[in-house]
Amino acid sequence: AQTVTQSQPEMSVQEAETVTLSCTYDTSESDYYLFWYKQPPSRQMILVIRQEAYKQQNATENRFSVNFQKAAKSFSLKISDSQLGDAAMYFCAYRLRNTGTASKLTFGTGTRLQVTL
Amino acid sequence: DSGVTQTPKHLITATGQRVTLRCSPRSGDLSVYWYQQSLDQGLQFLIQYYNGEERAKGNILERFSAQQFPDLHSELNLSSLELGDSALYFCASSVGAWETQETQYFGPGTRLLVL
């Protein structure tokens, strides 16, 4: 079974600074997707960024970028120029590709990010 | 706004009761997924429907059931409710069943409190 681990329950960053959230996963598969979802106090789950495992290039979305290390099964999220609106719970998630069956997301336990002035 | 709608937003009920949560997927999406977010279990996949048919089951209790209707909206039925069923229930949708459409978009969730 696939598992996703987020070892940092809480992180704090000052406004305008950079922070990196860690995620590791365990799978015997080679073809999959990885995601970071943001959950603000409103509880809405918002997709931040997506990475296809077959792509070597790290995904980037504006101030958000990932460091995908497939061999190490590591998928960290870097937030640059942090803003107050970035304060939220961040979840790392994994999904198999081309399964032909379930396409469920497997989530980590989340990292709560605080942004201070 | 993801385009996925869920009703009701909040639900308070008593142990032993039955409730129905409703989800309307994004326009054009054929797959609907249900997830449960609780303090002790985190975010867990419950069940997936694709174009009216059950596609996959996760950690869904026998007291829970779901269906997807011809208009593609889905309902999650929770019966014989227990205190531990209190959680945030999310619905998500995607266009396809698996590899072709890999992103799931989440609704705002239904917060269920069982007293």
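Things worth noting here:
- Of residues in segment A:47-57 being in a loop (DSSP other than H, G, I, E, B), surrounded by fewer than 18 Cβ atoms within 10 Å (Cβ to Cβ) and of a type outside the set (Ser, Thr, Tyr), the one nearest to the other protein chains (Cβ to nearest Cβ): A:55
- Across segment B:1-42, the qualifying residues are those that are open to solvent by less than 30 Å² (accessible area, probe 1.4 Å) and hydrophobic (A, V, I, L, M, F, W, C), and the one among them that is farthest from the other protein chains (Cβ to nearest Cβ) is B:19.
- Of all residues in segment A:84-99 being at pLDDT below 95 and at the interface with chain B (Cβ under 7 Å from one of its Cβ atoms), the one that is least open to solvent (accessible area, probe 1.4 Å): A:95
Conditions (1) at pLDDT below 95; (2) surrounded by 15 or more Cβ atoms within 10 Å (Cβ to Cβ); (3) farther than 27 Å from residue B:89 by Cβ, marked per residue:
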residue: A:27; (1), (2), (3): yes, yes, no
residue: A:32; (1), (2), (3): yes, yes, no
residue: A:42; (1), (2), (3): yes, no, no
residue: A:59; (1), (2), (3): yes, yes, yes
residue: A:65; (1), (2), (3): no, yes, yes
residue: A:69; (1), (2), (3): no, no, yes
residue: A:72; (1), (2), (3): no, no, yes
residue: A:101; (1), (2), (3): yes, no, no
residue: A:107; (1), (2), (3): no, yes, no
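- Any hit, segment B:54-64, residues being over 23 Å from residue A:95 (Cα atoms) and either within 14 Å of another protein chain (Cβ to nearest Cβ) or open to solvent by less than 40 Å² (accessible area, probe 1.4 Å) (or both): yes
- The one condition from (1) within 22 Å of residue A:41 (Cα to Cα); (2) within 14 Å of another protein chain (Cβ to nearest Cβ) that residue A:114 does not meet is (2).
- Checking segment B:65-84 against the condition returns no match, with no residue being within 22 Å of residue A:94 (Cα to Cα) and surrounded by 21 or more Cβ atoms within 10 Å (Cβ to Cβ).
The values are calculated or read from the model by the stated rules, or taken from the named source; none is laboratory data. Here the structure is a predicted model, which is why all the values come from computation and not from measurement. Counting neighbours? That spans all protein chains shown, and the Cβs are built from the backbone with ideal geometry, glycine included. The accessibility values were calculated without ligands, DNA or RNA, using every heavy atom of the protein model including side chains. Shrake-Rupley method; radii C 1.70, N 1.55, O 1.52, S 1.80 Å.
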